[in-house]
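One structure is given below, encoded as structure tokens.
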Ligand SMILES: [Zn+2]
């Protein structure tokens, strides 16, 4: 996706997450949206810096980079929410566009899903909105439906 798509995705995700965690639509909701939006937008813009430095869709489009950005929240107690922007950038590239990303770079194979549209497609906007809605729905399901994820992991580890 282009920068416009990544910013749109980040803005919609920030608003959606604000309502997932503070559904009342009052001051705490808008405070959460304000707190998350700029870091998520910055994170969503970051991976495409590799159009100028390194190899596009590889150098900054991979899980080690996501782990490093997330590590800042754990080890330095800063860059909160930026990793969410980086993660949603990857999701949008993998799901929403035809070309994949090199998730395990420096291993250079690019992984994508057989869905999505060309970055230049006029449907890129609607695909971006749809993916944003699905992301928010997924987080809402995990947060509010108390999905039996722990039961599932216990089941899986019981099989090994
Ligand atoms: Zn990208």
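For this structure, a couple of remarks:
- Filtered residue count, the range 25-51, keeping only those that are more than 16 Å from the ligand (Cβ to nearest atom) and within 21 Å of residue 1 (Cα to Cα): 3
- Test set (1) in a loop (DSSP other than H, G, I, E, B); (2) over 14 Å from the mean Cα position of the chain (by Cα); (3) surrounded by fewer than 21 Cβ atoms within 10 Å (Cβ to Cβ) - residue 103 fails condition number: (2)
- Only one entry of 139, 143 meets the criterion of being within 17 Å of residue 87 (Cβ to Cβ), at pLDDT below 90, touching a helix residue (DSSP H, G or I) at 6+ places or on another chain (Cβ under 7 Å) and part of a helix (DSSP H, G or I), and that entry is 143.
- Filter result for residue 66 (within 29 Å of residue 120 (Cα to Cα), in a helix (DSSP H, G or I), under 12 Å from the mean Cα position of the chain (by Cα) and more than 16 Å from the ligand (Cβ to nearest atom)): no
- Of all residues in the range 1-24 being closer than 23 Å to residue 117 by Cβ and in a loop (DSSP other than H, G, I, E, B), the one that is nearest to the ligand (Cβ to nearest atom): 1
- Options 89, 56; residue that is modelled with pLDDT of 95 or more, over 17 Å from residue 40 (Cβ atoms), touching a helix residue (DSSP H, G or I) at 6+ places or on another chain (Cβ under 9 Å) and within 12 Å of the ligand (Cβ to nearest atom): 56
- Residue match in the range 116-133 (condition: within 12 Å of the ligand (Cβ to nearest atom), closer than 21 Å to residue 8 by Cα, assigned to a helix (DSSP H, G or I) and at pLDDT below 95): no
- Residue 116 surrounded by fewer than 20 Cβ atoms within 10 Å (Cβ to Cβ), in contact (Cβ under 8 Å) with a residue 12 or more places away in the chain and in contact with a helix residue (DSSP H, G or I) (Cβ under 9 Å, 6 or more places away or on another chain): no
- Test for residue 84: is it assigned to a helix (DSSP H, G or I) and within 16 Å of the ligand (Cβ to nearest atom): yes
- Matching residues in the range 5-38 - criterion: being within 30 Å of residue 109 (Cβ to Cβ) and without any contact (Cβ under 8 Å) to a residue 60 or more places away in the chain: 7
The values are calculated or read from the model by the stated rules, or taken from the named source; none is laboratory data. As the structure is a computational prediction, the values presented were derived from the model and not from experiment. Counting neighbours? That spans all protein chains shown, and the Cβs are built from the backbone with ideal geometry, glycine included.
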